[in-house]
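J.: Following this message is one structure expressed as structure tokens.
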Amino acid sequence: MTRQKRRQILGSVLVCLLLTLFMIPQLQGFFYLQEEKQLLSVGEPLEILLNLPPAIRNATDIYISAGQKILAMEGQDFKQGKYLLGENAPLVIEPGQVSLELKLFGLIPFKKINVDVVPEIRLMVGGHSIGVLLRTAGVMVVGYSPILNQKNEPCFPARDADIKAGDVIISINGVEVVTDDQLQKIVEENQGPNQKLLITIKRENKVLKRTVYPQYCGETKSYRIGLFVRDNAGGIGTLTFWDPVSKKYGALGHVITDNETNQKLQIRQGKILSAYIENIQKGRIGNPGEKIGIFLENTVYGNIDKNEQCGIYGTLKSEITNSQYNYALPVMYSNQMHVGKAEILTVVDGQEIQNFEIFIEKILYERSDGKNMVIRILDDRLLEKTGGIVQGMSGSPIIQDGRIIGAVTHVFVNDPARGYGVFIENMLLEAGIINKQKEILGLFSQDCLYIIIQISM
């Protein structure tokens, strides 16, 4: 058999083998992953591909580019060459960057990995019940109010001018509008037939202008534009974490929306206060429960700067104590966490923070909406008191293996004992503790480091 023939046969065998391998669901999932990010602490082995079958994992080599000195193996610098997954995996020993390449059988490249080494983050744990008070940027339209004109017919001047529920009114006739009382006053000042109002609105990040002609209302004996509006919001939630260095905090784990329109509230100013839980409306199938509490006066914890997909964020005025954890905990990122037992911290009576056992049933790496893990309440004390996850519990920190991994966000309406949680890195990103532009963590400590693994096809 000629050399060329042997090469053709070998090539055909390899192609068939690859096709067979990539029919394996675990490998398919890994192969089709878009660029992902993994985080590992210094001193831990550089382990990846944990979801692959053992046969594939054992056939994969990792090649390290020449001149890269931030890894070590068995106490020796590991500057160049290859190592096998799960066998003497190198450790990070100093900050910097390293380029890796994964190959099947040492021949077939299928992944490239860039590793950034950056400092560790430690956070103070929340669990405190908080009162949330918001003032919106402008006033939000939450519905329409019919006006009975002189013919006793209902009319809707603002709706006819294409002003919709969820729109935020920014100004009228060039005058900035910040409260519903102010809007009413401006309309009253423009009474009379043929008067018009030039209204500037914000809709889905677009600024639009609409002309509205107020109509005379026989019931109120005044000119109206036919809108229900709201300029504030409030409720009970839970503090997730705060950074002992910058004093930045994160809470709730999800965005605050208007109850009527389900639109994100654009905030002008806000604050969080201490809250006292007086009672619990127990959750039942088809009927989510709720914490019932009161805001405590003169207990402002801090301001609210941002209302984002994965929570609300701001800066604390002073440090807050936690009876369960009076020290900062390290962060555990999504690639480090695992299905299994964990705990949450929350308040179900007064202001006492308690820890309750939960089980992480599923980790949803691919989701970007903050619903990153499915959790189940195991603790009989909490199930007896609340029935499971209830409103006001959003933001309760989730801790696994002594590290903060995320926060409770949602309840399953038809199964109150189960719900969703958000990854902590998503909250840190929105809080500005992780630098989004550079895609590395902010520099907080020069002693402890993390590595970010970015995988691309």
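The values are calculated or read from the model by the stated rules, or taken from the named source; none is laboratory data. What you see is a predicted model, and the numbers here were worked out from it, not measured in a lab. Note that each Cβ is placed from the backbone with ideal geometry, even for glycine, and that neighbours are counted across all protein chains shown.
J.: Does the stretch 277-288 contain at least one residue that is modelled with pLDDT under 90 and either touching a Gly at 6+ places or on another chain (Cβ under 6 Å) or under 18 Å from Asp231 (Cα atoms) (or both)?
T.: Checked the stretch 277-288: no residue is modelled with pLDDT under 90 and either touching a Gly at 6+ places or on another chain (Cβ under 6 Å) or under 18 Å from Asp231 (Cα atoms) (or both).
J.: With respect to Ser394, is the statement that it is crowded, with 23+ Cβ neighbours inside 10 Å and outside any strand (DSSP E or B) true?
T.: When the stated conditions are applied, Ser394 passes them.
J.: Taking the stated definitions as given, is Ile292 within 19 Å of the chain's Cα centre (by Cα), part of a strand (DSSP E or B) and surrounded by 14 or more Cβ atoms within 10 Å (Cβ to Cβ)?
T.: No; evaluated as a whole, the condition is false for this residue.
J.: So which residues in the stretch 158-181 are touching an Asp or Glu at 6+ places or on another chain (Cβ under 7 Å) and part of a helix (DSSP H, G or I), if there are any at all?
T.: Of everything in the stretch 158-181, just one residue is touching an Asp or Glu at 6+ places or on another chain (Cβ under 7 Å) and part of a helix (DSSP H, G or I), namely Asp180.
J.: A further question follows. Is it true that Leu133 is buried (at least 19 other Cβ atoms within 10 Å of the Cβ), within 25 Å of the chain's Cα centre (by Cα), at pLDDT 85 or above and outside any loop (DSSP other than H, G, I, E, B)?
T.: So Leu133 does not fit the description; no.
J.: Additional query: Which residue is nearest to the chain's Cα centre (by Cα), if the candidates are limited to the stretch 360-371 and must be assigned to a strand (DSSP E or B) and under 16 Å from Ala407 (Cβ atoms)?
T.: Per the criteria, the residue is Ile363.
J.: Then there is this: Confirm whether Pro330 is within 24 Å of Val390 (Cα to Cα), under 24 Å from the mean Cα position of the chain (by Cα) and modelled with pLDDT under 95.
T.: No; evaluated as a whole, the condition is false for this residue.
J.: Here is a follow-up. Whether any residue in the stretch 216-230 is free of Cβ contacts under 8 Å to residues at least 12 places away in the same chain, within 18 Å of Phe156 (Cβ to Cβ) and not small (Gly, Ala, Ser) is what I want to check.
T.: Taking every residue of the stretch 216-230 in turn, at least one turns out to be free of Cβ contacts under 8 Å to residues at least 12 places away in the same chain, within 18 Å of Phe156 (Cβ to Cβ) and not small (Gly, Ala, Ser).
J.: Something else about it: Checking Ser246 against (1) assigned to a loop (DSSP other than H, G, I, E, B); (2) over 20 Å from the mean Cα position of the chain (by Cα), which single condition isn't satisfied?
T.: (2)
J.: List, please: which pairs have Cβ atoms under 9 Å, are six or more places apart or on different chains, and start with a residue in the stretch 185-209 that is under 19 Å from Gly138 (Cα atoms) and end with one that is of a type in the set (Phe, Trp, Tyr) and surrounded by 11 or more Cβ atoms within 10 Å (Cβ to Cβ)?
T.: Between residues of the stretch 185-209 that are under 19 Å from Gly138 (Cα atoms) and residues that are of a type in the set (Phe, Trp, Tyr) and surrounded by 11 or more Cβ atoms within 10 Å (Cβ to Cβ), the close pairs are Val187/Tyr223; Glu188/Tyr223; Leu197/Tyr213.
J.: To continue, here is another question. Looking at Asn194, is it part of a loop (DSSP other than H, G, I, E, B) and either surrounded by fewer than 19 Cβ atoms within 10 Å (Cβ to Cβ) or at pLDDT below 90 (or both)?
T.: In short, yes.
J.: Quick check on Leu148: is it aliphatic (A, V, I, L, M) and either modelled with pLDDT of 90 or more or in contact with an Asp or Glu (Cβ under 8 Å, 6 or more places away or on another chain) (or both)?
T.: Taking the combined requirement at face value, the residue satisfies it.
J.: Tell me, please, whether a residue that is in a loop (DSSP other than H, G, I, E, B) and modelled with pLDDT of 85 or more can be found in the stretch 182-191.
T.: no
J.: Another question, if that's okay. Which of the following residues is out of contact with any strand residue (DSSP E or B) (no Cβ under 6 Å at 6 or more places or on another chain), farther than 23 Å from Leu429 by Cβ and either touching a residue at least 12 places away in the same chain (Cβ under 8 Å) or surrounded by fewer than 17 Cβ atoms within 10 Å (Cβ to Cβ) (or both): Glu308, Glu366, Glu343, Glu384?
T.: Step by step, each of Glu308, Glu366, Glu343, Glu384 is checked, and only Glu384 is out of contact with any strand residue (DSSP E or B) (no Cβ under 6 Å at 6 or more places or on another chain), farther than 23 Å from Leu429 by Cβ and either touching a residue at least 12 places away in the same chain (Cβ under 8 Å) or surrounded by fewer than 17 Cβ atoms within 10 Å (Cβ to Cβ) (or both).
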